[in-house]
């Protein structure tokens with residue numbers, strides 16, 4: 001890898017993150033308002049990881065095939081459907097398991 005390719009990869013990632021934030025922000029506000037209006041116990045929000053993966057996959061089609069309207073409609077629909085509940089102050093310790101030693105059958109002599 002050259003320095004130029006590392007820079008390009010970095011800037012492409014930043015562009016994808018900015019596009020994700022720009023597209024998911026209005027939907028996130030709408031989802032939060034709907035969850036407040038429904039008087040749910042916890043507030044809902046957009047799943048950002050899913051949104052980022054979706055945008056990364058479909059960015060090439062938008063820029064090369066120029067299917068912007070179909071892309072925006074699909075993103076809006078998927079972001080509306082993939083929501084998650086925000087549970088404040090939720091912390092659980094991880095259970096770290098000890099690794100088992102490899103079997104002697106796989107030992108290289």
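No value in this document is a laboratory result; all are computed from the given coordinates. Worth saying up front: this structure is predicted, and the values here are computed from it rather than measured. Ideal geometry is used to build each Cβ from the backbone, glycine not excepted, and the neighbour counts take in all protein chains shown.
When only C-alpha pairs under 8 Å and at least 6 residues apart count, what is the relative contact order of the chain, in percent?
28
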Handout entry: Choice from 84, 28, 73 with maximal GNM fluctuation in the chain (Cα, 10 Å cutoff)
Key = 73
Problem - Whole-angstrom gap from the range 67-83 to the range 1-29, using each part's C-alpha centre - result: 18
Problem - Alpha-carbon gyration tensor eigenvalues x 5, square-rooted, for the chain, Å - result: 35, 28, 13
Exercise for the section: Would you mind checking the range 2-32 for residues with the amide N under 11 Å from a putative spin-label position 7 Å along Cα→C-beta of residue 69? Expected result: none
Handout entry: Highest-MSF residue in the chain out of 14, 75, 85 [GNM, Cα springs under 10 Å]
Key = 14
Fill in the blank from the handout: Largest fluctuation, 42, 18, 89 only, Gaussian network model of the chain with Cα springs under 10 angstrom, belongs to 89
Problem - For the range 27-88, convex hull of alpha carbons as volume per residue, Å³ - result: 73
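Per-residue ellipticity at 222 nm for the chain, helices alone: DSSP H runs ≥ 4 residues times -39500 (n - 2.57), over residue total, nearest 500 deg cm²/dmol?
So the helix-based figure for the chain works out to -21500 deg cm²/dmol.
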